[in-house]
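Encoded as structure tokens, the structure appears first; notes follow it.
Read-outs: derived from the displayed coordinates by stated rules, not from any lab. Computed from a predicted model, the values in this text were never measured in an experiment. We place every Cβ from the backbone using ideal geometry, glycine too, and count neighbours over all the protein chains shown.
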Amino acid sequence: MARLSFPPAALPASTEQLRLDVRDFLAKEIADGAFVPRCDTWLSQHDPSFSAKLGAAGFLGLPWSKEYGGHGRTALDRFVVVEELLAHGAPIAAHWVSDRQSGPSILKHGTEEAKRELIPDMVAGKIFFSIGMSEPDSGSDLASIRSTATRTDGGWLLNGTKVWTSQAHNNHFFIVLVRTTPVAEAGAKHAGMSQFVMDLQAPGVDIRPIRTLNGHHDFNEVVMTDVFVPEHYLMGTLGNGWAQVIGELAFERSGPERYLSTFPLLAALIDAVGPNPSDEAAAQIGMLVARLSALRRLCISVAVSLDTGGLPVTEAALVKDMGTRLESEIGEVARQLVPPGSNPAFDQLVGDAVLSAPGFTLRGGTNEILRGIIARELGVR
Amino acid sequence: MARLSFPPAALPASTEQLRLDVRDFLAKEIADGAFVPRCDTWLSQHDPSFSAKLGAAGFLGLPWSKEYGGHGRTALDRFVVVEELLAHGAPIAAHWVSDRQSGPSILKHGTEEAKRELIPDMVAGKIFFSIGMSEPDSGSDLASIRSTATRTDGGWLLNGTKVWTSQAHNNHFFIVLVRTTPVAEAGAKHAGMSQFVMDLQAPGVDIRPIRTLNGHHDFNEVVMTDVFVPEHYLMGTLGNGWAQVIGELAFERSGPERYLSTFPLLAALIDAVGPNPSDEAAAQIGMLVARLSALRRLCISVAVSLDTGGLPVTEAALVKDMGTRLESEIGEVARQLVPPGSNPAFDQLVGDAVLSAPGFTLRGGTNEILRGIIARELGVR
Amino acid sequence: MRADDLLVETIEGLLSKEVTPERIHAAEGGMDASLWTLLEDNGLTSVGVPESAGGMGGTLHDLGAIVRAAGRHGAPVPIGDTLVGATFLTGAAIPPGPLALAVVRNDRPVIRIPWGGVAEHIVAVSDDGVALHPVGSMPISARGDNYAGEPWIEVAADALRAGARSSDAGPRHAQGAGAFARAMLMAGALERVVDLSVQYANEREQFGKQIGKFQTIQHYLAEMAGEAAAAGGALDTALDVASSSADTEQHILVIAAAKAYAGRAVSTVNRLAHQIHGAIGFTDEHRLQYSTRRLWAWRDEFGSESEWAAVLGRAVASGGGDALWPALTRWPAAVA
Amino acid sequence: MRADDLLVETIEGLLSKEVTPERIHAAEGGMDASLWTLLEDNGLTSVGVPESAGGMGGTLHDLGAIVRAAGRHGAPVPIGDTLVGATFLTGAAIPPGPLALAVVRNDRPVIRIPWGGVAEHIVAVSDDGVALHPVGSMPISARGDNYAGEPWIEVAADALRAGARSSDAGPRHAQGAGAFARAMLMAGALERVVDLSVQYANEREQFGKQIGKFQTIQHYLAEMAGEAAAAGGALDTALDVASSSADTEQHILVIAAAKAYAGRAVSTVNRLAHQIHGAIGFTDEHRLQYSTRRLWAWRDEFGSESEWAAVLGRAVASGGGDALWPALTRWPAAVA
């Protein structure tokens, strides 16, 4: 019987000092009024100056090679930093994509020139990236994208439309997936795609806001009309874009941002309920804590596996499915245990959670897609 | 947009006196120690003497024509009686199928001879029926049954195996669905089936117990080997069995037994929790009550619709889907609000509910089948 | 009992024509004044107020049908609070313009008043009785919008309490009335969210087929339809009992059940609707969010589902187990 | 940290061979004495007891692996309570034969003792300390079986309290130990139920295809696998923390989380497993119910999920919001 594998794993002791350093840093920032803890900050709270402070403090690009300006530490060191930033509700949307996936992607697939040009400023928290994947009609069926890149002198011309590019209006670049060979010629739906780094300030780029029901402008539509991309911004092998993207999914899906988006609300809920809850209120809070603790362990197991060369795609999908449901339910429990209207700061956190929740279980692969992946791995055919 | 229809409806005032009569009757029976309230009594608590008492009191065969010994009242009168019996956890498994569907079926489809022979004793609570539908490999796919009836002198010879025939070991007859034309000849999977009344004491009938995980022997396998059934036990039109069965589904699926199976536990829970629950315990109990009340209203709407010639098959499916989940959840809430070990009578009711719950959402059409029916009616194609 | 057919047809026709996404959007943070005027001109803002008091007359079921329709369409006007607010003004002249309802609880120094930002008068119900205040006369300490852009205000309880005429009605009843209006609105909006989801499931294609062909989507829709139907049933029961029973404690309990059920339904229905709609339903351009944001706002106003379920649960607990079934059979009672 | 590989192989091999549905069935209402003897002969009934005290030695993770395997196979012997019960007998000779664990709470005059019906000795933990009683010496006031046919007894608290040797351990710790054993058993049984369901979904055909091809069934399996994995993760954390931290209050909290999570998982996993298996899984002849009945029984024993979640919730509430995250990062702590 196939079974998902979450081998017992713990973070190495070497991460402990780093954790305390980040915690101290954040305590000072909060005390200085640099930020007020919020929910879902990795998507919504874009603060370049805060990101630059993190860069200056050495908390970005941790696992990246020193050769390109990284800190040469481990992915688990980054894990710990990210956990602390999320749990404290810090404004980390500016560097989020850059630090989580663009940097690693460039280091793995980018040209030498691109690495030298981009990585140092990403480590410094000064250059920020978005993701150029979804298209208006692709939805969960990512392989159906239609944007194209065609050869031109010294590089490529990109055309098409990307949607759901978070923070494109505030960031400098995105890594974009486009067709370099038409489906008809490529033979298979997944063939003929390539990835490029693209400058979001380049001529021919039109960035239009997509406002969401929570009142945010986090997302954009990015329309590319003959946007020139220099040759050295091609990522990896021409035509190998799909495989490169899929290889990153475990990294994208398994992080602590998949269950900690509403952690600041849970902490606030505990204070709002006070030290002597009824048995039943205590049970509701305790069960949320038990779930968080269990998922955190699974998440660490995935992180350790990734760090040691494993590719726990299904396990990551499972953590994301369960984690995003949990972070949604924290909002539901909170609003029922503490009715609105008595504490504006608390109401703000509840509002963040309730109105942002629909996104939790959609972004980065809907939960229905994830469950299909899990079921296949379990061996139903 | 297609939408399910639950027109506002209430029981007629004419049912009120009957309700009070049943309630008085039951109060006396409980006081006399005739029964202790239990969960899921319509399936599990088989008590011929109690059924005979109900018959003598005039509470069975209520809507059936006086011509055949019935009381000539309405289906809504029966509804009220059944509600009271279920809510009080009375032992009603003996006459349950007979009163709910076999009687109406015989009155609608049976021969004059069968009606005269069987109905009066069914009204008296002295002849009890089971259902002969499912087969070992049919499961949710009822049209795939393989039992047969072939013509013989003066009647039919029945062969095959029926499973999940509740109380066949205690009852007198079942109404059985068999093939009278092989699939190959009938053309369509649903064609060529017929219904018969069959005597469970006839030669060639072998009744074998199916014990269930709750420790009960409620169900049986009924093996038929050349069982003779007289001609006058044919129900309705030869070959029309499928349509006859489907026409009864709304009646079978919409009754209050689809949400009241664990009502006695809810009443006991309220006493066990006591008059001063915490806010959160009160909310859990209150929500169960709100759900019961809402479903009861939908159920009454379906009953009134059926009574006035409607065929609310989908609405009945909806009530059953929601009601069976509710009656399962009552057990889950109860065992968490009142830990086991302090009150044996309460523990008994919890045990009834927990161990019988898997059956609630399977019997009479699994909830997955029901949801497919509902979705089709909503207009997804 | 049911609402007048002609009335239902009138309100449905009117709202179908008037309440467009563009107008809902434009009204956020305020209300749609021209819609209000149209409703007022059609006499729909005083249904349930006796003709003798200058109203249109009509039954509680008529009132319920209007507010439910307003919920179904997301009408950006305080029709619900105006209609239930007027029922507290027995013997007083009912002023023109929208009303807001203030539940002046003893344990709160400041009272949040839904729709206070656009109402002309506040019906304030406290233990001292009922007071009618022009909004302009009230010291407003805070303003804000609920999730749906419906503007509330906060006013000191003492100011609201001033000038009250003694009444049988207290803050519990006002909380109940506000919750009743929300249960009506929510029953309508839940139906709309189901309808939108069915429609979307038939239109949207993924992996080469309509998403409505996926079994999971079908089951989501079935579950949503069940919750919406049950919320509607609970509302119908509350309307029946509040119309026919003289016992106002019974009114509170059936309203509790209706508001609790509606709130419960929102959690499931909104969640699954957004899951079905995917990213597009999360944008502020899609019709869905005009309904789902209202549902999230309304389930919190005048008591959440857990607060109302606790009201019902405490009543049931104090009655004991044997009293539960007889109580349930009175919700609704049999009728001639 | 993890259990010894050879040990895991040994217990798995042994139980795979011995624990057949027939033997589980035959043992209901008692235990499988020959299985017990076999385990004892292999030294598996004293793992976790130091060699100096006549035990086999081994770590808490070893102990956990044995009990988890017993849960996975539904082994009808009190191996869990025997192993955790022995940990209270520090300094005392550990008697041969199965142990049962009595949590002698002050608020109960009579104590129900799981597995008391077949144990040879009772480890009774009260505020007076720890007492070891031959079962034969105890006044048994009631007998019964849990849902899985595992026999309990009830004994007067005073009789259990008699002769206690003073100890740092009190009834809270014994409740925790019993819950810990249940969390181990449940983690194993949950895995088994998922495995059986996957297997059945691949075998059973309905409407002309394997039911595992229906999207709804696939999603049920995914959800079940998630709950089982998380329950296993919570157990692993409890084992790690209880092995490495000197703070027994921390032990109680991670055990609370593990038992609470396992109980929560049972509701989902059992419900969906039976829904997938249909009628056949509801019969007493199918393998499934040997696992699901145990899970229903175990989630109630030594505290339900809501009781343990409340323990955790009260601890968290008393610490305040800011203390939660630092606490979570110690469950488990980083290790060298």
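P(r) tail for the range B:257-297, what percent of Cα pairs lie past 11 Å?
Cα-Cα pairs in the range B:257-297 separated by more than 11 Å: 67 percent.
Let me test this: with uniform point scatterers at the alpha carbons of the range B:223-264, what is the Debye-based log₁₀ I(q)/I(0) at q = 0.29 1/Å?
For the range B:223-264 at q = 0.29 Å⁻¹, log10 I(q)/I(0) is -1.00.
Take the range B:266-381, compute every pairwise Cα distance, and split them into 10 Å bins from 0; I just need the percent in each bin.
In order of increasing distance, the bins hold 13, 35, 31, 17, 5, 0 percent.
Once you list every other residue whose beta carbon is under 13 Å from the beta carbon of residue D:135, what net charge do they have if Lys and Arg are +1 and Asp and Glu are -1?
-2
If we hang a label 7 Å off Cα along the beta carbon direction at residue C:5, how far is it from the matching labels on the other copies, in nm, shortest first?
Taking the point 7 Å beyond Cα along Cα→Cβ, the inter-copy spacings are 8.0 nm.
Which of B:320/C:209; A:189/C:209; A:53/A:115 have a Cα-Cα distance over 20 Å?
Listed pairs above 20 Å: B:320/C:209; A:53/A:115.
Projected area of the range C:157-224, taken from the Cα convex hull and averaged over every viewing direction, in nm²? Write out the running numbers ahead of the final one.
On the way: hull surface 29.8 nm².
Projected area, direction-averaged: 7.5 nm².
Hey, any idea what the orientation-averaged projected area of the convex hull of the range A:48-89's Cα atoms comes to, in nm²?
That works out to 3.0 nm², a quarter of the Cα hull's surface.
With every atom except the alpha carbons ignored, what do you get for Rg and Dmax of the range D:232-336, in angstroms?
According to the Cα coordinates of the range D:232-336, Rg and Dmax are 16.8, 52 Å.
Can you work out D for the range C:189-291 in µm² s⁻¹ from Stokes-Einstein, where Rh is the Kirkwood radius over C-alpha pairs, the temperature is 25 °C and the viscosity is 0.890 mPa s?
166 µm²/s
Could you work out, for chain C, what percent of all Cα-Cα pairs fall into each 10 Å distance bin, beginning at 0 Å and stopping at the bin that holds the largest distance?
Over chain C, the share of Cα pairs per 10 Å bin runs 6, 26, 34, 23, 9, 2, 0 percent.
Send over the per residue convex hull volume for the range A:1-80, Cα only, as a whole number of Å³. If you can, show how the numbers build up before the last one.
Details: hull volume 12.5 nm³, N = 80.
Dividing the Cα hull volume of the range A:1-80 by its residue count gives 156 Å³.
In units of 2.2 N^0.38 Å, what is the alpha-carbon radius of gyration of the range C:116-261?
Cα Rg divided by the expected 2.2 N^0.38 Å: 1.41.
If each DSSP helix of 4+ residues adds -39,500 (n - 2.57) and the sum is divided by the residues in the protein assembly as shown, what number results at 222 nm, nearest 500 deg cm²/dmol?
Counting only the DSSP helices, I get -16500 deg cm²/dmol.
Taking the range D:280-336 as the region of interest, what is the percent of Cα-Cα pairs per 5 angstrom bin, listed from the shortest bin to the one with the maximum distance?
4, 15, 14, 13, 12, 12, 11, 8, 7, 4, 0
How many percent of Cα pairs in the protein assembly as shown exceed 57 Å? Walk me through the intermediate numbers first.
Working: 242763 of 1027461 pairs.
Considering the protein assembly as shown, 24 percent of its Cα-Cα pairs are separated by more than 57 Å.
Report, largest value first, the span of the C-alpha coordinates of the range A:178-254 along each principal axis, in whole Å.
Computed over the range A:178-254, the largest-to-smallest principal extents equal 42, 35, 25 Å.
Hey, what angle do you get for helix A:279-307 against the long axis of chain A, alpha-carbon based, 0 to 90 degrees rounded to 10?
Taking the Cα atoms of chain A, the angle to A:279-307 is about 30 degrees.
Local charge sum around residue B:182 (other residues, Cβ-Cβ under 12 Å, Lys/Arg +1, Asp/Glu -1)?
Charge balance in the 12 Å sphere: +2.
Taking only the alpha-carbon positions of the range B:4-146 and ignoring solvent, what does the Debye formula give for the base-10 log of I(q)/I(0) at q = 0.08, 0.16 Å⁻¹?
Log10 I(q)/I(0), no solvent term: -0.25, -0.91.
Take the alpha carbon atoms of the range D:46-100, find their radius of gyration, then divide it by 2.2 N^0.38 Å using N residues; give the quotient.
Values: Rg = 10.8 Å, N = 55, 2.2 N^0.38 = 10.1 Å.
Normalised Rg, Cα atoms only: 1.07.
Connecting C-alpha atoms closer than 10 Å in a GNM of chain C, tell me which of C:124, C:258, C:164 has the biggest fluctuation.
C:164
Taking the Cα centre of each part, how many Å lie between the range D:9-58 and the range D:174-231?
25 Å
State, to one decimal in nm and shortest first, how far the label point of residue B:120 sits from each corresponding label point in the other identical copies (label point: 7 angstrom along Cα-to-Cβ).
Those separations, rounded to one decimal, come out as 10.7 nm.
How big is Rg to Rh over the range B:183-320, alpha-carbon atoms, Rh as the Kirkwood inverse-mean-distance radius?
1.12
From the mean inverse distance of alpha carbon pairs (Kirkwood) and the Cα radius of gyration, derive Rg over Rh for the range C:1-71.
Rounded to two decimals, Rg/Rh equals 1.00.
Considering only chain D, pick the residue with its Cβ nearest the axis of the rotation onto chain C, and state the distance in whole Å.
D:215, 2
Over 16 Å apart: what share of the alpha carbon pairs of the range A:312-359 falls there, rounded to a whole percent? Working shown, then result.
Details: 511 of 1128 pairs.
Every Cα pair in the range A:312-359 considered, those over 16 Å come to 45 percent.
Using the Cα atoms of the range C:21-129, I'd like the radius of gyration and the largest Cα-Cα distance, Dmax, both in angstrom.
14.1, 43
Compute the signed sum of charges (Lys and Arg +1, Asp and Glu -1) over the other residues within less than 12 Å, Cβ to Cβ, of residue A:377.
+3
Quote the convex hull volume per residue of the range A:92-149, based on C-alpha atoms, as a whole number of Å³.
In the range A:92-149, the Cα hull volume divided by residue count equals 111 Å³.
Among A:106, B:246, D:252, A:207, what is the fewest-to-most ranking by other Cβ atoms within 10 Å?
Working: A:106 25, B:246 14, D:252 22, A:207 17.
By the 10 Å Cβ count, ascending: B:246, A:207, D:252, A:106.
Can you tell me the Rg and the Dmax, both Å, for the Cα atoms in chain B?
20.8, 71
Any idea what the residue D:137 label distances to the other copies are, label 7 Å down the Cα→Cβ vector, nm, shortest first?
So the distances to the same position in the other copies read 8.4 nm.
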